[in-house]
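To start, the structure itself, in structure tokens.
No value in this document is a laboratory result; all are computed from the given coordinates. Model, not experiment: these values are computed from the prediction.
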Amino acid sequence: MTFNNIVLAAATTCTALMGGLLFSYSCSVVLGLKTLPDQEYIMTMQAINRAIQNPVFFIKNSIY
């Protein structure tokens, strides 16, 4: 197996895992939040976005 094939297999696997994560998030969290009134939904999503934007998140994403 060549280096290119290994990188391709790793990239494909990581892409599939991220797709699965986003799909499970949309099937569970977003559907649960759908029951909230619009204003509370917006406030909740903004709170999630604020919590995600921290130094650890930026360092981790700048590496990839």
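For the chain, what is the mean residue ellipticity at 222 nm derived from helices alone (per DSSP H run of n ≥ 4: -39500 (n - 2.57); sum divided by total residues; nearest 500 deg cm²/dmol)? Helices in the chain give a 222 nm mean residue ellipticity of -29000 deg cm²/dmol.
All alpha carbon pair distances within the chain were sorted into 10 Å bins beginning at 0; the resulting P(r) in whole percents reads 17, 30, 32, 15, 6, 1.
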